[in-house]
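What follows is a single structure, written as structure tokens, with notes after it.
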């Protein structure tokens, strides 16, 4: 259905916190899933997530649990964005070094032979 480690799942959880809240805000949740993440969920997958939220047999969250889930999911999103920032900074800083290494030594290969 929806991998819980995706940006879309974390955004949904950070916004709503529980399946009951997703089911209570179906159209807003659909819009959120369409615009979050990079993969672009299909309408079928979005519909399946909404239907799962509506049909869940889980114990409803109390407000304190919902708040904690929202907070933890937002922390995960913040950490994901920070990690992406670090990756972009490293790529920018290492690009000239990698380009010079390729120029002087050719393409580097690991011991396994993988590029």
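Taking segment 22-35 only, how many residues are surrounded by fewer than 20 Cβ atoms within 10 Å (Cβ to Cβ) and within 18 Å of residue 54 (Cα to Cα)?
Matching residues across segment 22-35 total 9.
For residue 14, state whether it is under 14 Å from residue 70 (Cβ atoms), out of contact with any strand residue (DSSP E or B) (no Cβ under 8 Å at 6 or more places or on another chain) and touching a residue at least 60 places away in the same chain (Cβ under 8 Å).
Answer is yes for this residue.
Could you check how many residues of segment 36-57 are surrounded by fewer than 15 Cβ atoms within 10 Å (Cβ to Cβ) and either within 23 Å of residue 75 (Cα to Cα) or out of contact with any helix residue (DSSP H, G or I) (no Cβ under 8 Å at 6 or more places or on another chain) (or both)?
Looking only at that region, the number is 11.
If you take just the helices (runs of 4 or more DSSP H) that sit entirely in segment 1-71, which of them hold at least 2 residues that are under 21 Å from residue 82 (Cβ atoms)?
Hits in segment 1-71: 7-16.
Can you tell me which condition residue 74 does not meet? The list is (1) at pLDDT below 95; (2) under 16 Å from residue 4 (Cα atoms); (3) in contact with a helix residue (DSSP H, G or I) (Cβ under 8 Å, 6 or more places away or on another chain), and all the others hold.
The number of the failed condition is (1).
The values are calculated or read from the model by the stated rules, or taken from the named source; none is laboratory data. For clarity, every value in this text was computed on a predicted model and none was experimentally measured. Every residue, glycine among them, receives a Cβ derived from its backbone with ideal geometry; neighbour counts consider all protein chains shown.
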